[in-house]
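After the structure tokens below, expect a handful of questions from me.
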Amino acid sequence: ITIDAPVTLRDAAKLFNQDLDDIIIRLADWNIIFDTRNPLPPLALEKLAREQGWEIEWKEDVKKKILEAISFEPQPRPPVVTILGHVDHGKTTLLDAIRKSRVAESELGGITQKIGAYQIEINGQKITFIDTPGHEAFTSMRARGAQVTDIAVLVVAADDGVMPQTEEAIQHARAADVPIIVAINKIDKPGANPDRVKQQLAERGLVPEEWGGETICVNISALQKKGIAELLEMILLQAELLELKARKEGHAVGTTIESRIDRGKGPVATVIVQEGTLRVGDYFVAGTTWGKVRSLFNDLGKPMKEAEPSTPVEVVGFTDLPPAGTKLMVTESEKIARIIAERRAEIAREKNLKTPERELISLEELFAREEGKTKEVNLLLKADFQGSLEAVEKAVSQLSTDEVKLNVIYKGVGNVTEADVMLASASSGVIIGFNVKLPNEVAKTAKREKVDVRTYRIIYDLIEDLQRAIQGMKEPVK
Ligand code: GDP
């Protein structure tokens, strides 16, 4: 079909012979929520048409005109930062030190509300910090399809150096493609040796800038609040390089990072706004729940009228609790928010009735799923010792062929953990364990997250199994 003028929802309903509501719901399935007073976004129309087996042909510059009418120029936005690092290396202390460094706090006498994230301002520039440190929370959000973090600050204690969770954190941040800034902490301690930390980081591919690499390292003492200003400056510098932008106008889209039932306010959730501006009075849908923004509070407990991109706000007005990592989208009316949420809830119920256990994405399926020339498969390797881990990695690397590329996105020593499963889930990967255990609890999580975990005792079995999976997906020889 040829489109020679902008198509409204009403036009589309006629064209496809469908209910207005059905079209709205269908578009929401694809995460497209649009203002029905505007023409349909071209992409939405193309997708709807394709469903009917039609191809759309745009007349002249109709598509361009629609896009011009419905899109907004992206504006710079503040970075969203997560703090990662080994236990006891000072993540919480650092978050507190930064929180206290903010200017606004003095105005309010230091009453901070823990809402899961906070924002500070230095020299007129804002930075948002996620208040739950550690890669577990970071990756489990990602496993639900939500990535809000732009920059990871890796805390390494100068007296302790790189530890197992430091390595994990590096690999998790890398898998998420999030740049890392290193904060070498506890430099006030007598045993502090920042150079040794830098050496250890360089060995893991994080070569400090002053050694010709690209990794920004800052020496700090979170306890004595030293080096904090410099660290914040480096975060802003990194943010500038990333050219973070979002549109400010139009309906807000955000992600919930925390939710709870408040005695007075009912279900509330902290949302990081990602696009548009969230305002009091807006109707919204968030997963299978919906609501109207009754009030917004910032992390100082101060009521706000609106929240722009990268701002964390506590939203009051949900009909039900949304889980962390749920996408929130503003709709133009209560009715639209409600029908989308109800439809999603219905689909979720149907799915649960039909398949109580969601199906697993197995190694073979991963190989088969990818299309195109080179097929890539993400693997996470776990082994009992460093030596055996290296042997497994070497064997696996030799299995890659022209058609199939095996990416080791993570490797570690020890039993399979929940964090491994979440990373596999977030990266659509398979876990390969060698001489390690899969604890019952972790096996349950793996089942829930649809992650294939394979453990082997003999390296030959491991190789054979992978080879078989690779063979199975190769194009048949003609
Ligand atoms: P987390 O587990 O990474 O969140 O670590 P915490 O922030 O809880 O800190 C662990 C311990 O290290 C606490 O006793 C802190 O007081 C201490 N600590 C944190 N930062 C520093 C620092 O810069 N210097 C010194 N001397 N101790 C610190």
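Bear in mind these aren't lab numbers, they're just calculated from the coordinates by the rules spelled out. Please read all numbers here as calculations on a predicted model, not as lab measurements. All Cβ positions, glycine included, derive from the backbone under ideal geometry; neighbour counts span all protein chains shown.
Straight-line reach only, C-alpha to C-alpha below 22 angstrom: list the lysines that LYS186 could link to, leaving out same-chain residues fewer than 8 apart.
Output for LYS186: LYS91, LYS100, LYS198, LYS225, LYS226.
Also: Evaluate the relative contact order of the chain (contact order divided by residue number), counting alpha-carbon pairs under 8 angstrom at least 6 apart; express in whole percent.
12 percent.
Among 243-256, 157-170, 441-454, what's the highest-first ranking by average C-beta atoms within 10 angstrom per residue?
The peptides rank, most packed first, as 157-170, 243-256, 441-454.
At a 10 angstrom cut-off on C-beta neighbours, averaged per residue, how do the peptides 429-437, 230-238 rank from highest to lowest?
Most protected by this proxy first, the peptides run 429-437, 230-238.
Using mean Cβ contacts within 10 Å as the protection proxy, how do 285-292, 193-200, 94-101, 260-267 order, highest first?
Packing proxy ranking, top to bottom: 285-292, 94-101, 193-200, 260-267.
Give me the percent of DSSP beta bridges within the chain that run antiparallel, rounded to the nearest 5.
50 percent
Classify the stretch 73-183 from the C-alpha gyration tensor, please: rounded if a/c falls under 1.5, else prolate or oblate depending on whether a/b exceeds b/c.
Oblate.
Give me the net charge of VAL453's neighbourhood, meaning all other residues with Cβ under 14 Å from the Cβ of VAL453; Lys, Arg count +1, Asp, Glu -1.
+1
Taking a ≥ b ≥ c as the square roots of the Cα gyration tensor eigenvalues, with a/c under 1.5 meaning rounded and otherwise prolate when a/b beats b/c, else oblate, which class fits the stretch 265-310?
oblate
Given the C-alpha atoms of the chain, compute the convex hull and give its volume per residue in Å³.
Convex hull of Cα atoms, per residue: 191 Å³.
If you take every residue apart from GLY281 with its C-beta less than 14 Å away from the C-beta of GLY281, what net charge results, scoring Lys and Arg +1 and Asp and Glu -1?
Neighbourhood net charge equals 0.
List the lysines whose Cα sits under 23 Å from the Cα of LYS437, skipping any in the same chain fewer than 8 residues away.
Qualifying lysines at Cα under 23 Å: LYS382, LYS394, LYS411, LYS447, LYS450.
Please state the shape class of the stretch 144-224: rounded when a/c is under 1.5, otherwise prolate if a/b exceeds b/c and oblate if not, all from the C-alpha gyration tensor.
It comes out prolate by the Cα gyration axes.
Using unit Cβ charges (K, R positive; D, E negative) and no other charged atoms, how large, in debye to the nearest 20, is the dipole of the chain about its Cα centre?
For the chain, the charge dipole is close to 1000 debye.
OK, next. Quote the charge dipole size of the stretch 56-205 about the Cα centre in Debye, to the nearest 20; the model charges only the Cβ of Lys and Arg (+1) and of Asp and Glu (-1).
140 debye
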